[in-house]
1. Just checking, does region 40-53 include any residue being surrounded by fewer than 16 Cβ atoms within 10 Å (Cβ to Cβ) and under 12 Å from the mean Cα position of the chain (by Cα)?
2. Test each condition in (1) open to solvent by 20 Å² or more (accessible area, probe 1.4 Å); (2) within 13 Å of residue 98 (Cα to Cα) for residue 3 and report the one that comes out false.
3. List the strands (runs of 3 or more DSSP E) inside region 11-113, counting only whole elements, that have at least 2 residues being in contact with a Gly (Cβ under 8 Å, 6 or more places away or on another chain).
4. If you check residue 66 against the conditions, is it within 25 Å of residue 136 (Cβ to Cβ) and surrounded by 14 or more Cβ atoms within 10 Å (Cβ to Cβ)?
5. Check whether at least one residue in region 101-111 is open to solvent by 80 Å² or more (accessible area, probe 1.4 Å) and under 24 Å from residue 136 (Cα atoms), and report yes or no.
6. Which residue out of 91, 122 is open to solvent by less than 40 Å² (accessible area, probe 1.4 Å), under 30 Å from residue 42 (Cβ atoms) and modelled with pLDDT of 90 or more?
7. Just a yes or no: is a residue in region 134-148 under 17 Å from the mean Cα position of the chain (by Cα), of a type outside the set (Lys, Arg) and either at pLDDT 85 or above or surrounded by 14 or more Cβ atoms within 10 Å (Cβ to Cβ) (or both)?
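The values are calculated or read from the model by the stated rules, or taken from the named source; none is laboratory data. Please read all numbers here as calculations on a predicted model, not as lab measurements. Methodologically, a virtual Cβ is constructed for each residue, glycine included, from the backbone with ideal geometry; neighbour enumeration extends over all protein chains shown. Surface areas here come from the heavy atoms of the whole protein model, side chains and all, with no ligands, DNA or RNA. Shrake-Rupley method; radii C 1.70, N 1.55, O 1.52, S 1.80 Å.
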Amino acid sequence: MNVEPIGVIHSPFAQREDMPIQPIGAAGATGRVEVFEPFRAGLRDLEGFSHVILLYHFHRSEGYALTVRPFLDDREHGVFATRAPRRPNPIGLSVLRLEGVEHGVLRVRDVDILDGTPLLDIKPYVPDFDRPEAVRVGWLEGRRQRVREARSDGRFA
């Protein structure tokens, strides 16, 4: 398997510690997604979407653990039941508001991603495809409201 970055994500967050852990906790934070020249033709028609899904590499995550203590709980959970960055394949996902596309750069809002993060892919967010009805949120039930204030700490360093 070969995976090659198609760009780099720029954000106001230079350190892992004290950054938002999800886009909803990064309300208003702006960023830029620089798409490398060879991939820019793929941006055609993207500006018609209000939101994008970014897939990226947790490039500062080292190793992985199959059980982790996530930011929103004091108990351990299986890593695949969390959004923790220390994963066997350190791939992150964020749904961000798309403010514009110019010269290979996406202007995004509500960015919760570390500055300098390698971009792996971009997909348009389409509610009819991406927002299922009648969902369950497992162990996060009753904890989701805390995500707006929750910040990263050193537990996944």
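1. no
2. The number of the failed condition is (2).
3. Working: elements: 30-35, 51-57, 91-102, 105-109.
By residue number, 30-35, 51-57, 105-109.
4. Working: within 25 Å of residue 136 (Cβ to Cβ): yes; surrounded by 14 or more Cβ atoms within 10 Å (Cβ to Cβ): no.
It is false that residue 66 is within 25 Å of residue 136 (Cβ to Cβ) and surrounded by 14 or more Cβ atoms within 10 Å (Cβ to Cβ).
5. Within region 101-111, none of the residues are open to solvent by 80 Å² or more (accessible area, probe 1.4 Å) and under 24 Å from residue 136 (Cα atoms).
6. 122
7. yes
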